[in-house]
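Working notes, structure below.
The values are calculated or read from the model by the stated rules, or taken from the named source; none is laboratory data. Treat the numbers as computed from the prediction; the structure is a model and nothing was measured. Using ideal geometry, Cβ is built from the backbone for each residue, glycine included, and neighbour counts are taken over all protein chains shown.
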Amino acid sequence: MTKNLALLCFVIALTGCVSLSEQRDKVAGVNYVMSDTVPGNKPAAVRPDAPTLLVLDTTTSRYYDTDQLVFSRAPGTRGQYQFARWTERPGKRFADLMRTRLDQQNAWRVSTAGGYVHGDVLLDTELVEFYHDAISNPGHVRLELRAELVDLKKHALMGRRIFEQNVPLTSYDAAGAASASNLAVSRALDDLGAWLATFR
């Protein structure tokens, strides 16, 4: 009887370990890389007389300054995916993708602001909104980007623009949100590049 009881306890304990291990696997976090879906091209040589564009890091509100994917299930509310994260915070990553895209335009000599480079023009951007609107199934990713272009020689605002993207998800999950986010980022960069081209 004692042997049977001991064996039963051992089997129960073993089953518990397996279940806990399976649970850990199910809730393991996934890290997504924010990407530009437009294929990158090697930048051609920029003209020597091209103006220098200083590009500030993209800012975000405090709530969006996180590596967690953000969602909304009701108007005026925000939440964060528990097990889905970006590999980098959206503001910093967006700025890197933006500089790469602007380099490919060959219209500017692009540099990071804050260094020793003296610029002609300054680009300041903010991700005002960047989240999965999950009020309906599967929802869409909403991206709102504010951009300001400043003439550093004249100390004057050249232009200000708001860019908005609403990209539907193909699946109602974090993977769908990340994929739609990448498409929204690429489209916002398309629009930003086209707007900046009007100043050249």
Can you say whether Y63 is without any contact (Cβ under 8 Å) to a residue 24 or more places away in the chain, under 19 Å from the mean Cα position of the chain (by Cα) and exposed (fewer than 14 other Cβ atoms within 10 Å of the Cβ), as far as the supplied structure shows? yes
Considering only the range 106-113, I want to know if a residue exists there that is surrounded by fewer than 16 Cβ atoms within 10 Å (Cβ to Cβ) and assigned to a strand (DSSP E or B). yes
Within the range 86-103, residues modelled with pLDDT of 95 or more and in contact with a helix residue (DSSP H, G or I) (Cβ under 9 Å, 6 or more places away or on another chain) come out as W86, T87, E88, P90, R93, F94, L97, M98
Take S171 and decide whether it is among the hydroxyl-bearing types (S, T, Y), closer than 22 Å to F83 by Cβ and either in contact with an Asp or Glu (Cβ under 7 Å, 6 or more places away or on another chain) or in a helix (DSSP H, G or I) (or both). no
Note on the range 67-103: residues out of contact with any strand residue (DSSP E or B) (no Cβ under 8 Å at 6 or more places or on another chain), touching a residue at least 12 places away in the same chain (Cβ under 8 Å) and among the β-branched types (V, I, T) are T100
Out of the range 117-150, which residues are part of a strand (DSSP E or B), free of Cβ contacts under 8 Å to residues at least 40 places away in the same chain and over 18 Å from the mean Cα position of the chain (by Cα)? E148, V150
Filter the range 58-74 down to the residues that are modelled with pLDDT of 95 or more, in a loop (DSSP other than H, G, I, E, B) and farther than 15 Å from M34 by Cα and list them by number. R73, A74
Restricting to the range 143-165, give me the number of residues that are surrounded by 14 or more Cβ atoms within 10 Å (Cβ to Cβ) and either among the small types (G, A, S) or over 29 Å from V121 (Cβ atoms) (or both). 1
Take the residues in the range 84-98 that are assigned to a helix (DSSP H, G or I) and charged (D, E, K, R), then tell me which one is farthest from V30 (Cα to Cα). D96
